[in-house]
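None of the figures in this text is laboratory data; all of them are computed from the coordinates on show. No experiment lies behind these values; they were computed from the predicted model shown. Cβ sites come from the backbone with ideal geometry, for glycine too, and all protein chains shown count toward neighbours.
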């Protein structure tokens, strides 16, 4: 496929797929599950092709009317993560989704998922503040629908809680964008950046206020620690694939928005002088430690994973708060790493919940002997979370730690080490109990479909491969990250 | 005069926020968010206003508002649908009441 078509194709393909799923919709379930899987496979192949093209060209821009799409190394990494995680989710749900949500709405679930995928791609490739806002709204609504799809009142309440908080946050973000638009006269990232040089001196207060609104609104949507209250509910009560969407994609895409605002809209010297950075550092430290401590107290496995996500979001914000080359590489790498690892953990925990009907951590004793595959995957994920060297978790902690030293904040290295210890405290007992203690009368409620097994194995392999070939990924990212600090857009 | 416009939209924004904080009904909270987002679009529309002209000085703001208002409508529709289902399930849309019922279930 030619370069000029690949960027719009990444957005249009899932949209067309969604329309077809809605049209073919009701009736037999089996082809409905396979069709979206096919779409995401093609999407992932396109993303891989785009990676090669971007590696050659450095930067691809495609103008469609007044609407421009662009991709650089950072965007490509995110496109690969989003489409890859989506692929494994779709693989996991073939023949399994009916077990979690009512069969009549399964086609709608797939349709909404594909719209969500298209919106994720659009946010990542867009270079316009307002368009990103619109697509983030689409992402939020689709995510709320995916949470509510489970249909019980718990899931409905969680979805309503999430959607209302997200809408409130959107109103703040929108006011921030309106403020920047009012002071600069543009919404396109590069043009806002140009106009901002003049605007900062004459409209200092509106620019600062807009920045504050953008950061606070995004922090709510990305579940940064004191504002994370929707996350455990939505994550804990949603169906397993929806939980992966929340922790792997939904939270990340909002961080991507903030990253674009801080690095591509504001001139770097302005971002570095913002009082927002120390605040982000304090909040991310609170998130890393607070999220881990909350996770330690949970008795429900999915709630525990949700609080763990709140802690991991802290890592990514830590890189944004430090705002130097190494820390930003660590942050971006952690977006990749956490999406893969948390995907593994949620899918493995979800399969065990389906297989045994148990979701209390205390009831996991002995399940590893009975069902080795999901528990081995869970163990690899847990070790990666703790940061055992060959696995991917170690690499992001390494770069964040180096970034903290570069930024003259050695205390943060201690925070990272503390959090590794805390991660070990809440993940490893589950693993040890599952393999080395004998469980009582573990019943098998159902057979795990082949797709689910394959998807977990794919993620586990990805976790190991990413850990082994981390230097390649970092080399790919570094030039793009350095460029952000050179002043060129 | 144009300052008055910005003051009015900011006050509307704060009124929306106040509605969300002060009312327990989920329907009113959704409407409060609608007021907040609506006030921002009004603000953007005001940016295109020029003194003494009957049409906007430039069309950028109008384009943003037309897109944004449609998306806002669609988000509010989904939110109200969720609230409706929730109300059917719990027989109330009062957040405190729903919270109490959920604690009783656990």
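Estimated purely from DSSP H runs of n ≥ 4, each contributing -39500 (n - 2.57), the mean residue ellipticity at 222 nm for chain A is -26000 deg cm²/dmol once divided by its residues. What's the whole-number percent of alpha carbon pairs in the range A:411-477 lying beyond 16 angstrom? Result for the distance tail: 74 percent. Per the Debye formula on identical point scatterers at the alpha carbon atoms of the range A:110-181, with no solvent, log10 I(q)/I(0) at q = 0.12, 0.14 Å⁻¹ is -0.36, -0.48.
Please state, as a whole number in µm²/s, the translational diffusion coefficient that the Stokes-Einstein equation yields for the range A:62-127 at 37 °C and 0.692 mPa s, with Rh defined as the Kirkwood radius across alpha carbon pairs. Before the final figure, lay out each step's value.
On the way: Rh = 13.5 Å.
Translational D for this selection: 243 µm²/s.
Computed over Cα pairs, the Kirkwood radius of the range A:99-221 leads via Stokes-Einstein (0.890 mPa s, 25 °C) to a diffusion coefficient of 154 µm² per second.
For the range B:62-106, what is the Kirkwood estimate of the hydrodynamic radius, computed as the reciprocal of the mean inverse distance between distinct Cα atoms, to one decimal in Å? That comes to 12.4 Å for the range B:62-106.
Label sites at residue A:482 and residue A:229, each approximated as a point 7 angstrom past Cα along Cα to Cβ, lie 4.6 nm apart.
How high is the FRET efficiency from residue A:12 to residue A:191, r the C-beta distance, R0 30 Å, rounded to 0.05? The partial results should precede the final answer.
Values: r = 26 Å, r/R0 = 0.86.
With a Förster radius of 30 Å, E is 0.70.
Using R0 = 25 Å, the C-beta based FRET efficiency linking residue A:59 and residue A:406 works out to 0.45.
What does the highest-first list of A:129-139, B:95-105, A:285-295, A:473-483 look like by mean Cβ count within 10 Å?
Values: A:129-139: 23.5, B:95-105: 12.8, A:285-295: 21.4, A:473-483: 16.5.
Those peptides, ordered most packed to least, come out A:129-139, A:285-295, A:473-483, B:95-105.
Peptides A:434-447, A:61-74 ranked from most to least packed by the mean count of surrounding Cβ atoms within 10 Å: A:61-74, A:434-447. Name the shape class, rounded, prolate or oblate, that the alpha-carbon gyration tensor gives for chain B, where a ≥ b ≥ c are the square roots of its eigenvalues, rounded holds for a/c under 1.5, and otherwise prolate holds if a/b is larger than b/c and oblate otherwise. Cα axes put chain B in the prolate bin.
For residue B:70 and residue B:28 in one chain, what is 0.36 nm times their gap in residues minus the Cα-Cα distance, to one decimal in nm?
Working: separation 42, 0.36 × 42 = 15.12 nm, distance 2.01 nm.
This chain segment gains 13.1 nm when fully extended.
For peptide A:175-182, how many partner chain Cβ atoms fall within 10 Å of a residue's Cβ, on average? Mind dumping the intermediate values first?
Details: counts 9, 1, 4, 13, 2, 0, 6, 6.
Partner Cβ neighbours, averaged per residue: 5.
Taking 7 Å steps out from each Cα toward its Cβ at residue A:102 and residue A:205 produces label points 5.4 nm apart. From the square roots a ≥ b ≥ c of the eigenvalues of the alpha-carbon gyration tensor of the range A:283-324, which class results: rounded (a/c under 1.5), prolate (a/b over b/c), or oblate? Judged from the Cα gyration tensor, the range A:283-324 comes out prolate (a/c at least 1.5, a/b above b/c).
Under 1.5 on a/c is rounded, so check that first for the range A:340-476, then, if it is not, pick prolate when a/b is larger than b/c and oblate when it is not; a ≥ b ≥ c are the square roots of the alpha carbon gyration tensor eigenvalues. Note, shape of the range A:340-476 comes out oblate.
Where only DSSP H runs of four or more residues are counted, chain B gives -28000 deg cm²/dmol as its mean residue ellipticity at 222 nm, each run worth -39500 (n - 2.57). Partner shielding of A:131-138 amounts to 3, given as the average count of beta-carbon atoms from other chains within 10 Å of each residue beta-carbon. Beyond 19 Å, the tail of the calculated P(r) for the range A:33-103 holds 47 percent of the Cα pairs. Based on C-alpha pairs under 8 angstrom that are at least 6 apart in sequence, the range A:263-328 has a relative contact order of 37 percent. Scaling the Cα radius of gyration of the range A:161-235 by the globular reference 2.2 N^0.38 Å produces a ratio of 1.27. The mean sequence separation of alpha-carbon pairs under 8 Å and at least six residues apart, normalised by the residue count of the range A:268-398, gives a relative contact order of 22 percent.
Give me the Å³ per residue figure for the convex hull around the C-alpha atoms of the protein assembly as shown. Working shown, then result.
Details: hull volume 86.2 nm³, N = 595.
Enclosed volume per residue, from the Cα hull, is 145 Å³.
Helix B:26-47 and the long axis of chain B differ in direction by around 10°, with both axes built from C-alpha atoms.
Pairs of alpha carbons in the range A:332-376 separated by more than 13 Å make up 57% of all such pairs. Between residue A:282 and residue A:435, residue separation times 0.36 nm minus the direct Cα-Cα distance comes to 51.3 nm.
Available extension along the chain between residue A:152 and residue A:300 is 51.5 nm, counting 0.36 nm per residue and deducting the alpha carbon span.
Counting only C-alpha contacts under 8 Å and six or more residues apart, can you give the relative contact order of chain A as a whole percent? Once normalised by length, the contact order is 15 percent.
Peptide B:73-79 has a mean shielding of 5, counted as Cβ atoms of other protein chains within 10 Å of each residue's Cβ.
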